[in-house]
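The values are calculated or read from the model by the stated rules, or taken from the named source; none is laboratory data. Everything quoted here is computed from the prediction, not taken from an experiment. Note: ideal-geometry Cβ built from the backbone for every residue, glycine included; neighbour counts use all protein chains shown.
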Amino acid sequence: MGLEIDKHISSDFRTLTVTQKAKRGIIQPYLKTKNGIREVDLCPSLAAMLKEYVGLRTSGLLFCTSTGAQLLQANTLQDSLHPILDEIKHVKGDFNIFRRFRITHLEKSDCPEALKHFWSGHAPAHVSERYVKLLNDRAYRLDWAERWELGLCFQLANLAYWIWYEKLRKLFETMVDERGFEPPASSLRTVGKIS
């Protein structure tokens with residue numbers, strides 16, 4: 001992921017601006033399609049988690065090694081995400097599962113279609129979406145992000161999310177140091193199962 005703290009995260013941590021990607025150790029200042037350039041608004045609880053994760057860092061990649069280099073997707077999948085998915089008995093996937101999860105829950109909500117397209121980076125479904133100026137209104141979008149959070153939390157509670165969250169938090173604490181850096185991959189392989 002090519003998010004840089006000082007360039008792509010709003011000062012209140014509520015909005016991420018997606019304009020570039022990181023691939024195989026190289027920052028690419030473009031995305032797959034022009035519609036991929038977007039702002040993604042976060043609900044207050046996710047913004048608080050993001051702020052805590054960033055900590056005192058003011059620049060550099062959001063997700064990086066202790067030297068500031070990009071985390072390689074293959075290593076992160078193998079050393080972090082896949083063990084977590086195994087532990088919670090979830091089907092393995094790559095990082096797109098988070099985007100698909102968000103889009104799925106947006107589709108279940110009463111969120112306006114134009115806003116769903118805006119957040120997901122999809123092309124407008126209808127020509128009239130180009131004329132919807134509400135998407136430039138950040139307060140409007142943040143209001144919908146908060147509404148979405150309430151529905152999302154209800155859905156996740158039904159899936160015992162809060163139990164998983166606590167286990168994931170404990171596992172992440174063993175995988176990431178206080179500066180937000182991931183230790184060398186070799187030390188991650190020795191981390192025990194979630195208790």
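Of note:
Conditions tested, residue by residue: (1) surrounded by fewer than 16 Cβ atoms within 10 Å (Cβ to Cβ); (2) under 16 Å from the mean Cα position of the chain (by Cα).
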site	(1), (2)
SER11	yes, no
LYS21	no, yes
GLN28	yes, no
LYS51	yes, yes
GLY55	yes, no
PHE63	no, yes
ALA74	yes, no
ASP79	no, no
LYS89	yes, no
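- Spans of helices (runs of 4 or more DSSP H) in the range 6-116 with at least 3 residues in contact (Cβ under 8 Å) with a residue 60 or more places away in the chain and under 29 Å from TRP144 (Cβ atoms): 44-54
- In the range 110-143, the residues that are at pLDDT below 80 and of a type in the set (Ser, Thr, Tyr): SER120, SER128, TYR131
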